[in-house]
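Read the structure below first, then the notes.
The values are calculated or read from the model by the stated rules, or taken from the named source; none is laboratory data. Note that the coordinates shown come from a computational prediction; the quantities given were computed from them, not determined experimentally. Virtual Cβ from ideal backbone geometry, glycine too; neighbours counted across all protein chains shown. For the accessible areas, the whole protein counts, side chains as well, though only heavy atoms, and no ligand, DNA or RNA atoms are used. Shrake-Rupley method; radii C 1.70, N 1.55, O 1.52, S 1.80 Å.
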Amino acid sequence: MFLIEPNILVVKNLKIHNKNLKGLKLVFASDFHIKPYDEFRLRRIVRKINTQNPDIILLGGDYVNGHKKGNTLSIEKISNELGKLKSKYGTLAVMGNHDGWQGKRDVIKAFENVEITVLENSHKDFDKFSVAGIEDLQTGNPNIEQAVSGVNAPLILISHTPDIIEKIPDKVDLTLSGHTHGGQIVLGKPLVVPSNFGTKYADGWFSEERLYVSKGLGTSILPLRFNCFPEITVIEFE
């Protein structure tokens with residue numbers, strides 16, 4: 001089971017009451033960790049996201065795997081496949097710590113070549129809402145104030161890690177994060193969660209903080225999962 005779960009793909013559906021964003025449907029996916037032999041898995045993820053017919057697709061970082069480029073599928077192949085994602089408003093992304101370790105400039109360039117918008121302490125405005133994204137906490141310099149400056153519309157924020165949650169301003173309607181992998185191995189509770197908050201924000205919807213933390217799609221350190229299925233998340237506002 002430990003080795004089977006990484007190859008399972010779950011679609012998690014979440015409905016959030018928010019009159020400011022009512023009618024919007026998004027897909028959030030994070031922590032791909034695409035290994036050299038993972039082309040089929042990546043194609044399956046892209047197909048699954050597209051079948052949800054989202055208005056917008058948001059990506060939470062860690063597209064590459066490991067610390068060295070030999071441990072990952074090439075960023076060109078990863079970006080070319082992610083470039084096939086389809087939605088009304090397009091695909092927006094932030095970088096994760098693994099992207100930073102392997103050279104985020106290369107990842108960003110490859111994403112821009114396939115028209116994926118990368119947000120680095122910045123935002124993008126749409127007709128009735130905005131999406132902001134910040135740099136990774138480990139390998140960048142996240143600046144939330146800069147990212148949301150000047151935004152007056154309903155606002156969604158992407159941060160690779162949930163550890164910035166205490167700094168999120170009230171003007172943010174929803175924060176999306178990954179990084180934790182839900183702990184990957186859950187025996188009653190997650191064994192290890194890479195967060196300063198321990199298991200508090202391991203995964204799921206935290207209504208008081210207006211925060212959603214994804215279990216992610218890939219694996220890190222050990223190629224194992226238990227009681228912690230890889231997921232993409234469909235969020236509909238009502």
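Observations
- Other residues lying with their Cβ under 13 Å from the Cβ of Thr139 contribute a combined charge of -3, Lys and Arg counting +1, Asp and Glu -1.
- Residue among Glu39, Glu166, Glu112 with the largest mean-square fluctuation in a Gaussian network model of the chain, springs linking Cα atoms under 10 Å: Glu166
- Proximity of backbone amide H atoms, modeled 1.01 Å from N, is registered between Ile16 and Glu236, Phe237, Glu238 at under 5 Å, excluding neighbours fewer than 5 places apart on the same chain.
- Cα-Cα over 31 Å, subset of Lys19/Lys124; Lys104/Lys200; Lys35/Lys88; Lys25/Lys69: Lys25/Lys69
- Remark: the range 119-126, residue by residue, has Karplus-estimated 3J(HN,Hα) of 9, 10, 6, 8, 9, 10, 9, 10 Hz, where x stands for each Gly or Pro and the curve is 6.51 cos²θ - 1.76 cosθ + 1.60 at θ = phi - 60°.
- Under 5 Å, built H, 5+ apart or other chain: amide partners of Ala93: Leu59, Thr117, Val118, Leu119
- Listed values for the range 73-78 are Karplus-derived 3J(HN,Hα) couplings in whole Hz (6.51 cos²θ - 1.76 cosθ + 1.60, θ = phi - 60°), namely 5, 4, 5, 5, 5, 4, and x replaces Gly and Pro.
- Across the accessible surface of the range 52-185, with the other protein chains kept in place and a 1.4 Å probe, carbon and sulfur atoms take up 42 percent.
- Antiparallel bridge percentage (DSSP; both residues within the chain; nearest 5): 30
- Most fluctuating residue given options Ala110, Ala29, Ala202, as computed from a GNM of the chain linking Cα atoms under 10 Å: Ala110
- A 1.4 Å probe run over the protein chains yields, for the range 83-238, 43 Å² of accessible area per residue, whole-number rounding.
- In terms of overall dimensions, the C-alpha atoms belonging to the chain reach 44, 42, 35 Å along their principal axes, ordered largest to smallest.
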